[in-house]
1. Give me the pairs, please: first residue somewhere in the stretch 354-381 and without any contact (Cβ under 8 Å) to a residue 24 or more places away in the chain, second residue anywhere and buried (at least 17 other Cβ atoms within 10 Å of the Cβ) and in a helix (DSSP H, G or I), beta-carbon distance under 7 Å, and either six or more positions apart or on two chains.
2. Which condition number does residue 385 fail, the rest of (1) within 21 Å of residue 234 (Cα to Cα); (2) modelled with pLDDT under 90 being met?
3. Kindly check whether there is at least one residue in the stretch 243-261 that is more than 19 Å from the chain's Cα centre (by Cα) and either at pLDDT below 75 or surrounded by fewer than 22 Cβ atoms within 10 Å (Cβ to Cβ) (or both).
4. For the stretch 137-152, enumerate the residues that are without any contact (Cβ under 8 Å) to a residue 60 or more places away in the chain and part of a helix (DSSP H, G or I).
5. Of everything in the stretch 399-413, what is within 23 Å of residue 304 (Cα to Cα) and surrounded by 15 or more Cβ atoms within 10 Å (Cβ to Cβ)? Give them in sequence order.
6. For the stretch 421-430, check the following and say yes or no: at least one residue is under 23 Å from the mean Cα position of the chain (by Cα) and crowded, with 17+ Cβ neighbours inside 10 Å.
7. Do you know which of the residues in the stretch 354-371 that are part of a helix (DSSP H, G or I) and more than 16 Å from residue 393 (Cβ to Cβ) is modelled with the highest pLDDT?
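The values are calculated or read from the model by the stated rules, or taken from the named source; none is laboratory data. Source: prediction; values computed, not measured. Here Cβ is always computed from backbone atoms with ideal geometry, including for glycine, and neighbour counts include all displayed protein chains.
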């Protein structure tokens, strides 16, 4: 039985290329914004964006995943039901943000934060009004149209943010720039598929189907949010706002690898496995294995190069206000490697219809964070906490390896082999730096350790 692997390869190339372009735009935008704005403003937006993301994830019922997975996704009654649930949810979330804004501002002792949260929360409504054409394109594996959309919307959002920051170098440039970008994304999405006309409609049977599939995604999303963002919430209370902003920039850079893997997993791997669910597991696994290996090797090269040059890149691209990131970034990239592997594994096991393992994986990560992050901060400050974050990312994969092995779809040996290769390449590059007289990327880390 021959599967359309060429379509999978083309999809991976298109998705990786387009998403890399959009992430490069985002990276360049952050560099320009860092020149125009103070670190404290980025620290403030770390809190704002984390709160927004939290409200979205703690009520996530996997509407996009439902559309990709369901055999009824092309039925107007189904996708309009899904869209209607999405709209209702987004309005409720904005109301929740508005109610919680004042208590959150008091928690962080930042009076202005309440107003910022209410206005920024409007972006949640724009997300809710976005057409379900995007997951329908993912279901149909129409990568060209989907990725052109990604590039265009990313370019527009970047241009708006830079323009607003130039005209008004205040927190409102970031707030209103993000809102305009979300609105543009929402409007453009309704022109992706001409035959998809969104209207408010609720079908009780389809509501039951969406909720049935989404219950594990709902649980997983709640745990995923706290597991993925507890560091931001915690550091917001224990470190200065400026240092939080610097940490946020380093975290955003390191997250690029996980973001690419998540994108490929969600847009390519998950739909491919879900659409070939009846194919014997061994055949499906064999077809996926070689493509997966090539992708991991490519990402391993990228990770090793960034780890070995992170401090040089920060000094070159950012002014002295942001140089504390020189020791933060290399450690976070190590953690990002394990996060990237986890993203691919999550998409794989979700395609097999077993989202419970992703909930368990994020649960393990959250428990470790709740215990280890405050403890490591008390012992070794921010340095200890950042190292702890990188180590915990590796443990996130364990429950998913168990689930994949039970499903006859394990890639543990492949992941271990490429991980060893990644660390070996990093070691070679660090040795080359050291012998060349420019030290290593971890020199600033050792200088930052508590005396």
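1. What qualifies is 372/388; 372/392; 376/384; 376/385; 376/388.
2. Just one mismatch for residue 385, condition (2).
3. Among the residues of the stretch 243-261, at least one is more than 19 Å from the chain's Cα centre (by Cα) and either at pLDDT below 75 or surrounded by fewer than 22 Cβ atoms within 10 Å (Cβ to Cβ) (or both), which makes the answer yes.
4. Passing the criteria: 137, 140, 145, 149, 152.
5. Hits for the stretch 399-413 are 411, 412.
6. Among the residues of the stretch 421-430, at least one is under 23 Å from the mean Cα position of the chain (by Cα) and crowded, with 17+ Cβ neighbours inside 10 Å, which makes the answer yes.
7. 357
For every residue, the table says whether it meets (1) in contact with a strand residue (DSSP E or B) (Cβ under 6 Å, 6 or more places away or on another chain); (2) touching a residue at least 24 places away in the same chain (Cβ under 8 Å); (3) exposed (fewer than 15 other Cβ atoms within 10 Å of the Cβ); (4) part of a helix (DSSP H, G or I).
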{"position": "135", "(1), (2), (3), (4)": "no, yes, no, yes"}
{"position": "163", "(1), (2), (3), (4)": "no, no, yes, yes"}
{"position": "173", "(1), (2), (3), (4)": "no, yes, no, yes"}
{"position": "177", "(1), (2), (3), (4)": "no, no, no, yes"}
{"position": "182", "(1), (2), (3), (4)": "no, yes, no, yes"}
{"position": "191", "(1), (2), (3), (4)": "no, no, yes, no"}
{"position": "196", "(1), (2), (3), (4)": "no, yes, no, no"}
